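**Student:** Before we start, here is the structure in question, set down as structure tokens.
Every read-out reported here was derived from the displayed coordinates using simple, explicitly stated rules and does not represent laboratory data. Fair warning: this is a prediction, and the values are worked out from it, not measured in the lab. Every residue, glycine among them, receives a Cβ derived from its backbone with ideal geometry; neighbour counts consider all protein chains shown.
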Amino acid sequence: MTNEETSIAVDNGRRKFLNWFLGTSAGAFLVSVTYPLSRYLIPPEVAESTAGTVTLSIKPNDVKANSGQIFRFGSQPAILVKDANGELKAFSAVCTHLGCIVQYRSDISQIWCACHNGHFDLNGRNVEGPPPKPLEQYVVNVRADQIVVNKRG
Amino acid sequence: MPRLIFGLLLILGFWTYPRGADGQPQSETCAACHLAMGVEKLTKPAELYKADIHAAKGFGCVACHGGDGTIGGMEAMDRKKGYIGKPTPAQVVEVCGRCHSDANFMRQYNPSLRVDQVAEYYTSVHGRRLREQKDEKVATCASCHKPHSIRPANDARSTVYPTRVADTCGACHANKEYMAPYKIPTDQLEKYKKSVHWQMMTTKGDLSAPTCNDCHGNHGAAPPGVSSVVNVCGQCHVVNAELFNKSVHSKIFVQMGIPGCATCHSNHEIRETSDAMLSMGDKGVCATCHTPTSTGATLAVSMLASIDRLKSGYEKAYMLLNNAEHSGMEVSQPLFELNEAKTALIKARAAIHGFDKSILDKEVEPGLKVVEKSQARGVKALEELQFRRKGLAVSAVIIFALVVGLIFKIRQMERKPK
């Protein structure tokens, strides 16, 4: 076998290896691109919310007057209140005293913290008990039968 | 000689008095003369009074000092015309009460203002000593409401504005020399200024934080009785007070003659609480009465262990979820749910005032369940993060290998035409 023949045989072997290598690499490349894509296309278990606004799953007419309910604003709890006049209001549900989750008390029409008996009126103002400052108030808008809550400013 | 000069100045002043002055009815001439005197003792009250709430409402000097302000000169200060000069402490209360105890009169100016200040004052230690022992060193209206510059209590310049009450009371109560005859401590102001209440009021601007009058009363100022301490603290700390009143300690403290709240938390120097107060170590308060092997000590240690378990569990879950969130993982739902564990922890800290493990466990158990779930979700999120990172590394290797392969392929194709 001449040197030339040996080099052709080696070239053939290398070519085969390179073709195989490129083929599998291209396959792996496709998988590595399509897998994350598919993961992003299939929605995650929980919906991600944007920091400044949240659209609630509850319809405005399903909220009873003189009632309140906790909803998720990002990772923080917030409270949606419908007062006796039917006006919707939303506040941060984190008590300004030590950070407990507040709740709505229909018997006194106030927002109340069970931890240390703090009371807030329906403008979020701390009116009784240890909370030192008002609850942060959010803007509530009803758009096409959906409740949209925004942080102010 | 100074008396003679003072007298001459007075005569000169009244002889040359101008008519009318700010801060008093036009019919009164008192301020006009006093301001023209040039003697601080006489000008200062008239100058200060211009900014007094009473001046703003149209009251003149005569309203408190008597006499006839319509007459110029010394005749205005005729004792026969009711002139009293500087009122004695007993007269101060009588003079203020003349208007402030008259509901019909006060209604014209401030219908919601209380009119029982004088009645309350005579129930105070100050008022009782003044009336019963003729002690004129005690505080009267004018001691706290600075005469001639009285402002409403909600005016930040007022001596009775929340942030200034402590110093107003302290003017006498922190004065060792002045208080010496009464043989009571004079360190209340110093201690109060180390308290969490003062800290809240001054550093956080929380005017609802208590100062002297919130626990002692203002016009009826007196130390709360031993049995009343819980009620007084319970005005704000409602949940803790309710639990304490139902607890085993409530009755025992009464029998022992020691106050609720203050026995563990002190009175004037109330510091920020900590879980370590339940320990049997240096910072523990239970050890004051309970020996380390007693049932009380065992309960305290067991309650501390429960709270510590929830606290450390909460902190671990928060750390896991926070790490995951900072690494770009979507964990807002478990972070939101973890707020319930925080609420449970705060409730648990209040629940210890029931001194009953079952009351505490009612708050701790639900918190622990949330913590457990949150920790698991935090771990899962971080595992998912690791999986994605490994995936990225594998992809990067593959892409790199593909690039290298392509380079070889291109070189080979370039060699072919030869």
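**Student:** Dividing the convex hull volume of the Cα atoms of chain B by its residue count, what figure in Å³ per residue is obtained?
**Tutor:** Hull volume over Cα atoms, normalised by residue count, gives 315 Å³.
**Student:** Follow-up question, since we're still on this one. Tell me the angle of helix B:162-173 to the major Cα principal axis of chain B, expressed in degrees between 0 and 90 and rounded to the nearest ten.
**Tutor:** 60 degrees
**Student:** Give me B:Leu338, B:Leu189 ranked fewest to most by other Cβ atoms within 10 Å of their Cβ, as a rough exposure proxy.
**Tutor:** B:Leu189, B:Leu338
**Student:** To the nearest 20 debye, what charge dipole does segment A:24-153 have about its Cα centre, counting +1 at the Cβ of each Lys and Arg and -1 at the Cβ of each Asp and Glu?
**Tutor:** 180 debye
**Student:** Take the Cβ-Cβ distance between A:Ser67 and B:Gln235 as r, set R0 to 30 Å, and report the resulting FRET efficiency rounded to the nearest 0.05.
**Tutor:** The formula returns an efficiency of 0.50 here.
**Student:** Using the Cα atoms as the points, what is the convex hull volume per residue of segment B:126-223 in Å³?
**Tutor:** 104 Å³
**Student:** Using only the Cα atoms of segment A:53-150, what do you get for the radius of gyration and for Dmax, in Å?
**Tutor:** Taking only Cα atoms of segment A:53-150, I get Rg and Dmax of 12.6, 40 Å.
**Student:** Taking the Cβ of B:Ala262 as the center, what net charge do the other residues with Cβ under 13 Å away carry, scoring Lys and Arg +1 and Asp and Glu -1?
**Tutor:** The answer is +1.
**Student:** Set the Förster radius R0 to 56 Å, insert the Cβ-Cβ distance between A:Glu87 and B:Asp187 as r into 1/(1 + (r/R0)^6), and round the FRET efficiency to 0.05.
**Tutor:** 0.60
**Student:** Taking neighbour counts of Cβ atoms within 10 Å as a proxy for exposure, in what order, fewest first, do B:Trp198, A:Trp20 appear?
**Tutor:** Ordered from fewest to most neighbouring Cβ atoms within 10 Å, B:Trp198, A:Trp20 come out as A:Trp20, B:Trp198.
**Student:** What are the residues whose amide H is under 5 Å from the amide H of A:Ala90, where those residues sit 5 or more places off or on another chain and H is modelled from the backbone?
**Tutor:** A:Val81, A:Tyr138, A:Val140
**Student:** For chain B, find the longest principal axis of its Cα atoms and tell me its angle to the long axis of helix B:332-351, 0 to 90°, nearest 10.
**Tutor:** Helix B:332-351 sits roughly 50 degrees off the main axis of chain B.
**Student:** Same structure, new question: Summing Lys, Arg as +1 and Asp, Glu as -1, what charge do residues with Cβ under 12 Å from the Cβ of B:Glu383 carry, B:Glu383 excluded?
**Tutor:** After counting each charged neighbour, the total is +4.
**Student:** Here's something else I'd like to know. Between B:Gln133 and A:Asp145, what is the spin-label point distance in nm, taking each point 7 Å from the Cα along the Cα→C-beta axis?
**Tutor:** The answer from the label model is 7.9 nm.
**Student:** If you don't mind, there's one more thing I want to ask. Using the 2.2 N^0.38 Å rule of thumb for compact globular proteins, work out how segment B:233-296 stacks up: its C-alpha Rg over that value, please.
**Tutor:** That ratio works out to 1.14.
**Student:** What length, rounded to one decimal in nm, is gained on full extension from B:Glu372 through to B:Asp167, with 0.36 nm per residue of separation minus their alpha-carbon distance?
**Tutor:** 68.8 nm
**Student:** Can you sort B:Met179, B:Met74 by how many other beta carbons sit within 10 Å, fewest first?
**Tutor:** Listed from fewest to most nearby Cβ atoms, that is B:Met74, B:Met179.
**Student:** What is the calculated FRET efficiency for B:Gln91 to B:Val196, with r their C-beta to C-beta distance and R₀ = 56 Å, to the nearest 0.05?
**Tutor:** My answer for the efficiency is 0.85.
**Student:** Restricting attention to segment B:247-326, which GluC sites (Glu not before Pro) occupy a DSSP loop and are surrounded by at most 15 other Cβ atoms within 10 Å?
**Tutor:** Those satisfying the criteria are B:Glu272.
**Student:** Over the Cα atoms of segment B:224-269, Rg to Rh with Kirkwood Rh, two decimal places?
**Tutor:** Ratio of gyration radius to Kirkwood radius: 0.92.
**Student:** Would you please state the base-10 log of I(q)/I(0) at q = 0.17, 0.19 1/Å for segment B:301-415, with intensities from the Debye formula using one equal scatterer on every alpha carbon?
**Tutor:** With one equal scatterer per Cα and no solvent, log10 I(q)/I(0) is -0.81, -0.90.
**Student:** A further question follows. To the nearest 20 debye, what is the magnitude of the charge dipole of chain B about its Cα centre, counting +1 on the Cβ of each Lys and Arg and -1 on the Cβ of each Asp and Glu?
**Tutor:** For chain B, the charge dipole is close to 1380 debye.
**Student:** Once the convex hull of the C-alpha atoms of the protein assembly as shown is built, how many Å³ does it hold per residue, rounded to a whole number?
**Tutor:** So the per-residue hull volume is 333 Å³.
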